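Structure, as structure tokens:
The values are calculated or read from the model by the stated rules, or taken from the named source; none is laboratory data. Predicted model, so just to flag it, every value in this text is computed and none were measured. Don't worry about glycine lacking a Cβ; one is built from the backbone with ideal geometry, like all the others, and counts go over all protein chains shown. Ligands, DNA and RNA are stripped out before the accessible areas are found, and what is left, the full protein with its side chains, is counted by its heavy atoms. Shrake-Rupley method; radii C 1.70, N 1.55, O 1.52, S 1.80 Å.
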Amino acid sequence: ETLTALKKLEAMFGPYPHDSFTARLQSQFDLEIGPSSHEHNGASFGRIGAQQHETGHSFVGRGAMPRDGDANWLDEGAMTWLDFNQPRSATLEFSGKFEQLSGHSPYKRHVTGAAYGQGAIVMADLDLIFAEQGGLRPLLGEFTQRCMHKTYTTSMFENFLLNKTPDEEVRNQIREVF
């Protein structure tokens, strides 16, 4: 499962960005590490079935890194969107009706549950906005490569996307999402 995930992730984000990779897999609840899965630079541990998500953080989250607690929604939203095979929204769903994902204190370190599900909806909305240009997937890969081994912010991601289209209607849709 982990090797399959690495191949899929490399196709999207480019070469694996760390010197090595270590995975500790558990098939069920493990009293030592609990029920969740986690990622580190070049490593993941946790339950079988979560390896694509956790391995993906070697690219987005631990390769290209959120600068502060205000940008940590992006890597969780992106990985959750990938977990669900990159669905495209039928209509723009986000439009500010969910919990605020960014605009917090830069010292905020806690990732809320909204970063996963609502972050994935933002990705699906962006995939719809960029459908005529091939969707979000290639853009997310390009952004990740540009930020590899560097930090990024939500506004950097927004500006990157705004610069990808001269169409003012599309630019307004992007602004509405953010």
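Miscellaneous remarks
- Qualifying residue in region 138-148 (condition: surrounded by fewer than 19 Cβ atoms within 10 Å (Cβ to Cβ), among the β-branched types (V, I, T) and more than 16 Å from A90 (Cβ to Cβ)): no
- Criterion violated by F84 - all others in (1) farther than 20 Å from V177 by Cβ; (2) open to solvent by 10 Å² or more (accessible area, probe 1.4 Å) satisfied: (1)
- Qualifying residue in region 120-134 (condition: under 23 Å from G42 (Cα atoms), touching a helix residue (DSSP H, G or I) at 6+ places or on another chain (Cβ under 8 Å) and open to solvent by less than 70 Å² (accessible area, probe 1.4 Å)): no
- With respect to (1) at pLDDT below 90; (2) open to solvent by 60 Å² or more (accessible area, probe 1.4 Å); (3) not in a helix (DSSP H, G or I); (4) not basic (K, R), the lone exception for E176 is condition (3).
- Test result for Q86, at pLDDT 80 or above, out of contact with any Cys (no Cβ under 7 Å at 6 or more places or on another chain) and within 18 Å of L126 (Cβ to Cβ): yes
- The residue that is nearest to Y116 (Cα to Cα), counting only those in region 23-79 that are modelled with pLDDT of 75 or more and among the acidic types (D, E), is E76.
- Checked against the criteria, H110 does not count as surrounded by fewer than 16 Cβ atoms within 10 Å (Cβ to Cβ) and touching a residue at least 60 places away in the same chain (Cβ under 8 Å).
- Residue within region 90-108 that is part of a helix (DSSP H, G or I) and of a type in the set (D, E) present: no
- If you go through region 39-71 and pick out every residue that is over 27 Å from G103 (Cβ atoms), touching a Leu at 6+ places or on another chain (Cβ under 7 Å) and surrounded by 23 or more Cβ atoms within 10 Å (Cβ to Cβ), you end up with 1.
- Of the residues making up region 155-173, those that are open to solvent by 10 Å² or more (accessible area, probe 1.4 Å) and in a helix (DSSP H, G or I) are S155, M156, E158, N159, F160, L162, E168, E169, V170, R171, N172, Q173.
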